[in-house]
1. Calculate how steeply helix 51-60 sits against the longest principal axis of the alpha-carbon atoms of the chain, using the helix alpha-carbon long axis, and give the answer as 0 to 90 degrees to the nearest 10.
2. Go through 96-106, 261-271, 201-211 and give me the packing order, highest mean Cβ count within 10 Å leading.
3. Ignoring any ligand, DNA or RNA, what whole percent of the accessible area of the chain comes from carbon and sulfur when the probe is 1.4 angstrom?
4. Can you tell which of N48, N166, N186 shows the greatest fluctuation in a Gaussian network model of the chain with Cα springs below 10 Å?
5. Which of the lysines could be linked to K198 by a straight reach, that is with a Cα gap under 19 Å, when you skip same-chain ones fewer than 8 residues away?
6. What list of ³J(HN,Hα) values in whole Hz, one per residue of the stretch 165-178 in order, does the Karplus curve 6.51 cos²θ - 1.76 cosθ + 1.60 (θ = phi - 60°) give from phi, with Gly and Pro shown as x?
7. Please tell me the relative contact order of the stretch 84-237 in percent, rounded to the nearest whole number, where contacts are Cα pairs under 8 Å and at least six residues apart.
8. Among the aspartates and glutamates, which fall within straight-line cross-link reach of K149, defined as a Cα-Cα distance under 15 Å, with same-chain neighbours fewer than 8 residues apart omitted?
Amino acid sequence: MKRKIYLLFAISIFGMVCNLIANPWEMSLQRLREGNERFVAGQSAHPNRSLERRQETASKGQKPFATILACSDSRVPVEVLFDQGVGDLFVVKVAGNVADVDEIATIEYGTEHLATPLLVVLGHTKCGAVTAVASGAHLEGHLPKLADKIKPAFEKVQKEHSDKHNLVDLTIKENVFQTISDIISNSKIIGHLIEEKKLQVVGAIYDIETGKIEWLGTHPDEKKLVEISKHSEAQHSDSKSFFTTKNFIFMAIFIVLVSLLATILVFILAKRKS
Ligand SMILES: [Zn+2]
(Lines give C-alpha, C1' and ligand atoms only; values in the text may rest on other atoms or scores of the structure.)
Protein backbone atom coordinates (compact mmCIF):
# COMPACT_ATOMS: atom_id res chain seq x y z
CA MET A 1 0.00 0.00 0.00
CA LYS A 2 2.75 2.40 1.03
CA ARG A 3 4.68 1.57 -2.12
CA LYS A 4 1.64 2.47 -4.24
CA ILE A 5 1.29 5.83 -2.50
CA TYR A 6 5.00 6.59 -3.01
CA LEU A 7 4.68 5.59 -6.67
CA LEU A 8 1.62 7.82 -7.20
CA PHE A 9 3.39 10.67 -5.43
CA ALA A 10 6.49 10.23 -7.61
CA ILE A 11 4.37 10.12 -10.79
CA SER A 12 2.49 13.31 -9.87
CA ILE A 13 5.75 15.13 -9.03
CA PHE A 14 7.23 13.91 -12.33
CA GLY A 15 4.12 15.16 -14.17
CA MET A 16 4.38 18.56 -12.49
CA VAL A 17 8.07 18.89 -13.36
CA CYS A 18 7.39 17.88 -17.00
CA ASN A 19 4.58 20.44 -17.16
CA LEU A 20 6.85 23.18 -15.83
CA ILE A 21 9.58 22.31 -18.33
CA ALA A 22 7.09 22.22 -21.22
CA ASN A 23 5.24 25.36 -20.04
CA PRO A 24 7.70 27.68 -18.31
CA TRP A 25 4.98 30.29 -17.80
CA GLU A 26 3.10 27.96 -15.43
CA MET A 27 5.52 28.76 -12.63
CA SER A 28 5.23 32.51 -13.28
CA LEU A 29 1.44 32.30 -13.26
CA GLN A 30 1.52 30.28 -10.05
CA ARG A 31 3.76 32.88 -8.35
CA LEU A 32 1.35 35.66 -9.34
CA ARG A 33 -1.68 33.64 -8.20
CA GLU A 34 -0.14 32.86 -4.82
CA GLY A 35 1.08 36.44 -4.33
CA ASN A 36 -2.39 37.81 -5.03
CA GLU A 37 -3.97 35.30 -2.66
CA ARG A 38 -1.63 36.50 0.12
CA PHE A 39 -2.49 40.13 -0.68
CA VAL A 40 -6.26 39.47 -0.67
CA ALA A 41 -6.00 37.65 2.66
CA GLY A 42 -4.01 40.54 4.18
CA GLN A 43 -1.02 38.24 4.58
CA SER A 44 1.48 39.77 2.17
CA ALA A 45 5.00 38.38 2.62
CA HIS A 46 6.71 41.43 1.00
CA PRO A 47 9.40 39.27 -0.64
CA ASN A 48 12.58 40.56 -2.29
CA ARG A 49 12.53 44.02 -0.71
CA SER A 50 15.70 43.71 1.36
CA LEU A 51 18.93 45.67 1.02
CA GLU A 52 20.64 42.47 -0.20
CA ARG A 53 18.07 42.01 -2.98
CA ARG A 54 18.53 45.61 -4.09
CA GLN A 55 22.30 45.23 -4.23
CA GLU A 56 22.11 41.82 -5.92
CA THR A 57 19.81 43.04 -8.71
CA ALA A 58 21.89 46.20 -9.15
CA SER A 59 25.13 44.27 -9.61
CA LYS A 60 23.91 41.13 -11.39
CA GLY A 61 21.11 42.66 -13.47
CA GLN A 62 17.38 42.02 -13.58
CA LYS A 63 15.68 38.70 -14.24
CA PRO A 64 11.94 39.37 -13.85
CA PHE A 65 9.60 36.38 -14.16
CA ALA A 66 6.64 38.17 -15.81
CA THR A 67 5.87 41.19 -17.96
CA ILE A 68 2.70 43.04 -16.98
CA LEU A 69 0.82 45.75 -18.85
CA ALA A 70 -1.52 47.54 -16.44
CA CYS A 71 -3.48 50.78 -16.13
CA SER A 72 -1.73 53.81 -14.58
CA ASP A 73 -4.53 54.08 -11.99
CA SER A 74 -2.94 54.62 -8.54
CA ARG A 75 -5.26 51.97 -7.11
CA VAL A 76 -3.52 49.33 -9.24
CA PRO A 77 -0.08 49.00 -7.63
CA VAL A 78 1.17 45.95 -9.54
CA GLU A 79 4.03 44.77 -7.26
CA VAL A 80 1.82 45.26 -4.19
CA LEU A 81 -1.26 43.41 -5.45
CA PHE A 82 0.85 40.44 -6.60
CA ASP A 83 2.99 40.64 -3.42
CA GLN A 84 6.31 40.80 -5.32
CA GLY A 85 9.49 42.80 -4.84
CA VAL A 86 12.54 44.34 -6.50
CA GLY A 87 13.45 42.76 -9.86
CA ASP A 88 10.42 40.43 -9.96
CA LEU A 89 8.09 42.10 -12.47
CA PHE A 90 8.68 44.05 -15.68
CA VAL A 91 5.79 46.51 -15.58
CA VAL A 92 4.33 48.78 -18.27
CA LYS A 93 1.74 51.25 -16.97
CA VAL A 94 -0.49 53.37 -19.21
CA ALA A 95 -4.01 54.77 -18.81
CA GLY A 96 -6.58 52.21 -19.99
CA ASN A 97 -3.86 49.51 -20.36
CA VAL A 98 -3.75 50.15 -24.09
CA ALA A 99 -0.88 49.12 -26.39
CA ASP A 100 0.53 51.51 -28.99
CA VAL A 101 4.07 51.62 -30.43
CA ASP A 102 5.96 52.49 -27.22
CA GLU A 103 4.06 49.99 -25.07
CA ILE A 104 4.58 47.19 -27.61
CA ALA A 105 8.30 48.02 -27.84
CA THR A 106 8.61 47.87 -24.04
CA ILE A 107 6.74 44.55 -23.96
CA GLU A 108 9.07 43.19 -26.68
CA TYR A 109 12.01 44.16 -24.45
CA GLY A 110 10.50 42.38 -21.46
CA THR A 111 9.48 39.22 -23.28
CA GLU A 112 12.37 38.79 -25.73
CA HIS A 113 15.40 40.52 -24.20
CA LEU A 114 14.59 39.74 -20.57
CA ALA A 115 12.90 36.47 -21.59
CA THR A 116 9.89 36.62 -19.26
CA PRO A 117 7.77 33.58 -20.20
CA LEU A 118 4.49 35.28 -19.22
CA LEU A 119 2.77 38.48 -20.33
CA VAL A 120 -0.31 39.62 -18.42
CA VAL A 121 -2.59 42.37 -19.75
CA LEU A 122 -4.25 43.63 -16.59
CA GLY A 123 -7.46 45.66 -16.69
CA HIS A 124 -9.27 46.77 -13.55
CA THR A 125 -12.75 47.56 -12.26
CA LYS A 126 -13.92 51.20 -12.29
CA CYS A 127 -11.30 52.14 -14.91
CA GLY A 128 -11.57 55.90 -15.56
CA ALA A 129 -10.19 55.70 -19.10
CA VAL A 130 -12.70 53.04 -20.16
CA THR A 131 -15.56 54.83 -18.37
CA ALA A 132 -14.69 58.06 -20.22
CA VAL A 133 -14.99 56.27 -23.57
CA ALA A 134 -18.18 54.41 -22.62
CA SER A 135 -19.85 57.60 -21.39
CA GLY A 136 -18.75 59.65 -24.41
CA ALA A 137 -16.96 62.17 -22.16
CA HIS A 138 -15.33 65.20 -23.80
CA LEU A 139 -11.56 64.63 -23.86
CA GLU A 140 -8.82 67.17 -24.47
CA GLY A 141 -5.13 67.25 -25.32
CA HIS A 142 -3.68 63.88 -26.28
CA LEU A 143 -6.43 61.89 -24.55
CA PRO A 144 -8.66 61.45 -27.65
CA LYS A 145 -5.78 59.52 -29.28
CA LEU A 146 -5.56 57.19 -26.30
CA ALA A 147 -9.35 56.82 -26.28
CA ASP A 148 -9.19 55.68 -29.93
CA LYS A 149 -7.42 52.51 -28.72
CA ILE A 150 -10.33 51.71 -26.35
CA LYS A 151 -13.18 52.62 -28.74
CA PRO A 152 -13.15 49.36 -30.80
CA ALA A 153 -13.77 47.38 -27.58
CA PHE A 154 -16.69 49.63 -26.62
CA GLU A 155 -18.21 49.43 -30.10
CA LYS A 156 -17.96 45.63 -30.06
CA VAL A 157 -19.70 45.46 -26.67
CA GLN A 158 -22.45 47.82 -27.85
CA LYS A 159 -23.05 45.62 -30.89
CA GLU A 160 -23.06 42.31 -29.05
CA HIS A 161 -24.90 43.18 -25.83
CA SER A 162 -28.39 44.56 -25.42
CA ASP A 163 -27.97 45.05 -21.65
CA LYS A 164 -26.97 48.71 -21.47
CA HIS A 165 -26.43 48.79 -17.68
CA ASN A 166 -23.31 46.73 -17.76
CA LEU A 167 -21.49 48.42 -20.62
CA VAL A 168 -18.48 49.71 -18.63
CA ASP A 169 -17.69 46.34 -17.00
CA LEU A 170 -18.10 44.51 -20.31
CA THR A 171 -15.90 47.07 -22.08
CA ILE A 172 -13.19 46.74 -19.40
CA LYS A 173 -13.03 43.02 -20.15
CA GLU A 174 -13.25 43.45 -23.92
CA ASN A 175 -10.54 46.14 -23.76
CA VAL A 176 -8.12 43.61 -22.24
CA PHE A 177 -8.67 41.29 -25.24
CA GLN A 178 -8.47 44.27 -27.61
CA THR A 179 -5.06 45.15 -26.16
CA ILE A 180 -3.86 41.53 -26.43
CA SER A 181 -4.99 41.59 -30.05
CA ASP A 182 -3.14 44.90 -30.68
CA ILE A 183 0.06 43.53 -29.13
CA ILE A 184 0.17 40.17 -30.92
CA SER A 185 -1.04 41.30 -34.35
CA ASN A 186 1.44 44.20 -34.43
CA SER A 187 4.53 42.36 -33.21
CA LYS A 188 6.41 39.72 -35.17
CA ILE A 189 8.56 39.18 -32.07
CA ILE A 190 5.61 38.42 -29.76
CA GLY A 191 3.92 36.25 -32.41
CA HIS A 192 7.13 34.26 -32.87
CA LEU A 193 7.63 33.78 -29.11
CA ILE A 194 4.06 32.45 -28.78
CA GLU A 195 4.55 30.08 -31.70
CA GLU A 196 7.82 28.83 -30.20
CA LYS A 197 5.98 28.23 -26.92
CA LYS A 198 8.36 30.57 -25.14
CA LEU A 199 5.61 33.00 -24.16
CA GLN A 200 2.07 32.82 -22.85
CA VAL A 201 -0.14 35.94 -23.09
CA VAL A 202 -3.10 36.08 -20.72
CA GLY A 203 -5.68 38.65 -19.71
CA ALA A 204 -6.81 39.48 -16.17
CA ILE A 205 -9.04 41.92 -14.32
CA TYR A 206 -8.10 43.39 -10.93
CA ASP A 207 -10.98 44.24 -8.60
CA ILE A 208 -9.94 47.45 -6.82
CA GLU A 209 -12.36 46.72 -3.94
CA THR A 210 -11.68 43.08 -3.10
CA GLY A 211 -8.09 43.03 -4.37
CA LYS A 212 -8.86 39.82 -6.27
CA ILE A 213 -7.59 38.97 -9.73
CA GLU A 214 -10.00 37.41 -12.23
CA TRP A 215 -7.93 35.42 -14.72
CA LEU A 216 -9.33 35.59 -18.28
CA GLY A 217 -6.96 33.18 -20.04
CA THR A 218 -5.55 33.53 -23.54
CA HIS A 219 -7.18 35.39 -26.44
CA PRO A 220 -9.78 33.14 -28.17
CA ASP A 221 -8.33 34.03 -31.60
CA GLU A 222 -4.68 33.76 -30.61
CA LYS A 223 -3.72 31.50 -33.52
CA LYS A 224 -5.23 33.94 -36.03
CA LEU A 225 -3.44 36.86 -34.37
CA VAL A 226 -0.10 35.03 -34.55
CA GLU A 227 -0.67 34.52 -38.31
CA ILE A 228 -1.43 38.24 -38.72
CA SER A 229 1.72 39.13 -36.78
CA LYS A 230 3.84 37.39 -39.42
CA HIS A 231 2.86 40.05 -41.94
CA SER A 232 3.21 42.98 -39.57
CA GLU A 233 5.96 45.50 -40.03
CA ALA A 234 7.76 47.04 -37.08
CA GLN A 235 5.89 50.21 -36.38
CA HIS A 236 7.98 53.32 -35.97
CA SER A 237 7.00 56.47 -34.18
CA ASP A 238 7.14 58.28 -37.51
CA SER A 239 5.01 55.64 -39.24
CA LYS A 240 2.05 57.95 -38.95
CA SER A 241 3.92 60.61 -40.94
CA PHE A 242 3.33 61.20 -44.62
CA PHE A 243 6.46 59.31 -45.71
CA THR A 244 5.24 55.73 -45.42
CA THR A 245 5.95 53.02 -48.04
CA LYS A 246 2.30 53.16 -49.15
CA ASN A 247 2.41 56.91 -49.64
CA PHE A 248 5.67 56.65 -51.60
CA ILE A 249 4.03 54.20 -54.04
CA PHE A 250 1.03 56.50 -54.45
CA MET A 251 3.36 59.48 -54.95
CA ALA A 252 5.41 57.59 -57.56
CA ILE A 253 2.23 56.62 -59.50
CA PHE A 254 0.97 60.21 -59.22
CA ILE A 255 4.26 61.68 -60.57
CA VAL A 256 4.32 59.20 -63.48
CA LEU A 257 0.70 60.05 -64.40
CA VAL A 258 1.28 63.82 -64.17
CA SER A 259 4.44 63.52 -66.31
CA LEU A 260 2.53 61.45 -68.84
CA LEU A 261 -0.30 63.99 -69.02
CA ALA A 262 2.21 66.87 -69.33
CA THR A 263 3.99 65.07 -72.18
CA ILE A 264 0.68 64.47 -74.00
CA LEU A 265 -0.28 68.14 -73.48
CA VAL A 266 3.06 69.41 -74.79
CA PHE A 267 2.76 67.04 -77.75
CA ILE A 268 -0.77 68.30 -78.58
CA LEU A 269 0.27 71.96 -78.24
CA ALA A 270 3.33 71.44 -80.42
CA LYS A 271 1.19 69.75 -83.07
CA ARG A 272 -1.34 72.61 -83.05
CA LYS A 273 1.42 75.19 -83.50
CA SER A 274 2.87 73.32 -86.41
ZN1 LIG B 1 -7.79 52.41 -15.41
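The values are calculated or read from the model by the stated rules, or taken from the named source; none is laboratory data. Being a predicted model, the structure only gives us computed values, none of them experimental. Note that we place each Cβ from the backbone using ideal geometry, even for glycine, and neighbour counts take in every protein chain shown. Note: areas computed on protein heavy atoms with side chains; ligands, DNA, RNA excluded. Shrake-Rupley method; radii C 1.70, N 1.55, O 1.52, S 1.80 Å.
1. Between the helix axis and the principal axis of the chain, the angle is about 50 degrees.
2. By packing density, highest mean first, the sequence is 96-106, 201-211, 261-271.
3. 60 percent
4. N166
5. Candidates past the 8-residue exclusion: K63, K188, K223, K224, K230.
6. Once rounded to whole Hz, the list reads 7, 10, 4, 5, 4, 5, 5, 4, 5, 4, 5, 5, 5, 4.
7. 28 percent
8. D100, D102, E103, E174, D182
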